[in-house]
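Let me begin by presenting the structure, written as structure tokens, before commenting on it.
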Amino acid sequence: MRKLRFAFGSIGREKMFLGHLGASKFFLVYDLYEDGRCELVDKRENVSPKERFHGDPAKMYAVIEILKDCDLFVGGIESPNFRRLAKNTEYQPVVCKARTLDELMEKLRGSFDLLYSLVERRKKGERMEEFEEKRGEEELFKELCFCLLTANFTAEGGIRIQNEIGDGFLELDEGELARRLKELGHRYPRARARYIVEARRLYGKLERIKEWDAREAREWLVRNVKGLGYKEASHFLRNIGFKDVAIIDRHVLRFLEEVGVAKRKRSLGRRDYMRLEGELSEIAKEFGMSLGELDLYIWYLMTGKVLK
């Protein structure tokens, strides 16, 4: 049976220490099983040295040594060391404001599958940076075309067509592009060919987007690229390096429905999209990660795949 071992700082009687994990006098270590059972493993004294300065890495590594058999490090406050833990180690930080073990367990049980997926991927050494690369204007335009193709289509199909057409996104006329899209099995070849050809007027302007605020860039894309909604614009931004926007597709919506955050809808307007992105942002903060990392892991959890 799957299980997760987690540790949290305590002030006694199974009450959580609400400050930084490393400032606790001792740690309680528990095993949480997928059937909801929770068993105390042991109580450990925090013998790590005092911080020389806020966010001292030496403090983090000393705490890791005490809790090295744990999967999850649970604290009441996000800290520089929690962010460092998320970025550089196999351990998964979780920020939680629960005051008692029962409150904490309710939150962890509700996110068991997601947390287990995060832990397993971390143990394999996978990091968000592996999905990033630097791109010039031509590659950015091809990526924009990929995101136009994925609307009401599949990511796998979009990747396959992108690889097949390549420079044709820039060179083929609208009729020839539509014919190629149809040959390659796209559901809406004429509409997508039209959107791609219209988007060519933005060629040469895409690289500057990387210097903008993510939400400013997304609003600009939705206004200026016909056929690109908030999901597709977020997808494009994520693929060129932005981490603070969410790709809210049907898989993420299904996850949010399963954890009781939202009900699935056939389509999302701007207001609904912003609201759900806000909900995801709060979940991301609890796990000490970016929005981009969170919905990537949710997508993997719900599909068993990582594409782009």
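The values are calculated or read from the model by the stated rules, or taken from the named source; none is laboratory data. Everything quoted here is computed from the prediction, not taken from an experiment. Cβ atoms come from the backbone with ideal geometry, glycine included; neighbour counts cover every protein chain shown.
Just a few scattered comments:
- Check on Glu65, in contact (Cβ under 8 Å) with a residue 24 or more places away in the chain and of a type in the set (D, E, K, R): no
- Test: Glu156 is modelled with pLDDT of 80 or more, more than 21 Å from Gly9 (Cα to Cα) and either in the same structural domain as Ile196 (by TED's automatic domain parsing) or in contact with a Lys or Arg (Cβ under 6 Å, 6 or more places away or on another chain) (or both): yes
- Those helices (runs of 4 or more DSSP H) of the range 203-303 in which at least 3 residues are modelled with pLDDT of 85 or more, considering only elements entirely within it, cover 214-224, 230-239, 250-258, 270-286.
- Enumeration of residues in the range 173-217 that are over 30 Å from Arg275 (Cα atoms) and in contact (Cβ under 8 Å) with a residue 60 or more places away in the chain: Tyr203, Gly204
- Flag: Glu232 does not match the condition of being free of Cβ contacts under 8 Å to residues at least 24 places away in the same chain, closer than 23 Å to Asn152 by Cβ and either surrounded by 15 or more Cβ atoms within 10 Å (Cβ to Cβ) or charged (D, E, K, R) (or both).
- Considered as a group, the residues in the range 237-289 that are of a type in the set (D, E, K, R) and in contact (Cβ under 8 Å) with a residue 60 or more places away in the chain include one that is farthest from Asp113 (Cα to Cα), and that residue is Lys243.
- Of the criteria (1) farther than 21 Å from Val252 by Cα; (2) surrounded by 15 or more Cβ atoms within 10 Å (Cβ to Cβ); (3) modelled with pLDDT of 85 or more, which one Glu65 fails: (2)
- Residues that are among the hydrophobic types (A, V, I, L, M, F, W, C) and in contact with a helix residue (DSSP H, G or I) (Cβ under 8 Å, 6 or more places away or on another chain) within the range 254-278 comprise Phe255, Leu256, Val259, Val261, Ala262, Leu268, Leu276, listed in sequence order.
- Counting only residues that are buried (at least 16 other Cβ atoms within 10 Å of the Cβ) and of a type in the set (S, T, N, Q), the range 213-229 holds 0 of them.
- Qualifying residue in the range 51-64 (condition: among the aromatic types (Phe, Trp, Tyr), in the same structural domain as Leu118 (by TED's automatic domain parsing) and not in a loop (DSSP other than H, G, I, E, B)): yes
- Sole residue being in a helix (DSSP H, G or I) and under 27 Å from Glu207 (Cβ atoms), chosen from Glu138, Glu103: Glu138
- The set of residues in the range 171-183 being part of a helix (DSSP H, G or I) and crowded, with 16+ Cβ neighbours inside 10 Å consists of Leu177, Ala178, Arg180, Leu181.
- Lone unmet requirement of (1) modelled with pLDDT of 80 or more; (2) buried (at least 17 other Cβ atoms within 10 Å of the Cβ) for Leu114: (1)
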